[in-house]
Amino acid sequence: MKQLSKLLLMIILFGFSQSNCHSEDDKIFLISLRKEKIELTYFPIKFKEIIDNRYNRITIGNVQRGLFNKRWPATFELDMQAEVQQLLANSKVMGNEYGEYTIIINSIWINEITYRSQEKGVVNLNFSIAKSDNGNFVIISSQNVILEEEVMDATTNHDSRIALAFRKGLSNFQVTPKYKYLNEKFVLRVNNS
């Protein structure tokens, strides 16, 4: 019974503590990457631009808020390019040894799943790394990263999970030999925004 009381108190406190992250009209939950960074020991390339190639450019998923875990749509505080640029600027992934590349964000989706005593935070990130070729882009690598983390409150850690997903994708790219590069032509999607 004592454990149940502690759990209920923690859920109530988490519900109230989330109030600093949502918009004033209380309809959209805002996430920012401005305090996050990617930790890689060595990354020899520089990203000159970020392209938002998502079908859905309005939301990036759902969070659960409050005592009854009501679902709220989530989005970034700034636009996608600005958020990812801040993340890269905070990180040590801006080498210039192999030239300049472009990150193309194809999709990002966050979600939360509630269990009896804890939640699971999920991020699904798909991005490509491309090189400019006479005004066109050639995709050399595509990364699809799915991360799941069981925690007491999943809402407060989506920013760090997103940064970790980028780190895993960049780390995967870093160890990909050049003969496995995709070398596919990039086509920009039509979106709903």
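Bear in mind these aren't lab numbers, they're just calculated from the coordinates by the rules spelled out. Computed from a prediction, not measured in an experiment: that's the story for all the values here. Neighbour counts are summed over all protein chains in view; Cβ atoms, including those assigned to glycine, are modelled from backbone coordinates with ideal geometry.
Observations
- Anisotropy class of the range 77-166 from Cα gyration tensor, a/c 1.5 cut: prolate
- Theoretical FRET efficiency, 1/(1+(r/R0)^6), r = Cβ-Cβ of GLU148 and SER32, R0 35 Å, to 0.05: 0.95
- Using θ = phi - 60° in the Karplus curve 6.51 cos²θ - 1.76 cosθ + 1.60, the 3J(HN,Hα) couplings for the range 149-165 round to 9, 8, 9, 6, 9, 6, 4, 6, 10, 5, 4, 6, 5, 5, 4, 5, 5 Hz; x is entered for Gly and Pro.
- Across the range 117-124, coupling constants 3J(HN,Hα) worked out from phi with the 6.51/-1.76/1.60 Karplus curve, θ = phi - 60°, read 10, 7, 10, 10, x, 10, 10, 10 Hz, and Gly and Pro carry x.
- Converting phi to 3J(HN,Hα) with the Karplus coefficients 6.51, -1.76 and 1.60 and the offset θ = phi - 60°, the range 37-43 yields 8, 9, 9, 10, 5, 7, 9 Hz in sequence order, with x at every glycine or proline.
- Projecting the Cα atoms of THR156, PHE47, ALA89 onto the charge dipole of the range 38-177, computed from C-beta unit charges around the Cα centre, puts THR156 farthest toward the positive end.
- Separation in nanometres of the label points that stand 7 Å from Cα toward Cβ, at GLN174 and THR156: 2.9 nm
- Rounded Å value of the spacing that divides the Cα centres of the range 145-163 and the range 39-75: 11 Å
- Taking each residue as 0.36 nm, the span from GLU39 to ALA89 lengthens on full extension beyond its C-alpha to C-alpha distance by 16.8 nm.
- Sequence of LYS180, LYS185 once ranked by neighbouring C-beta atoms within 10 Å, starting from the fewest: LYS180, LYS185
- Take the Cβ atoms of GLU100 and LEU67, set R0 to 45 Å, and the FRET efficiency comes out at 0.40.
- Highest average first, the peptides 98-110, 66-78 ordered by how many other beta carbon atoms sit within 10 Å of their residues are 98-110, 66-78.
- Amide H partners (placed H, <5 Å) of LEU40, local residues excluded: LYS92
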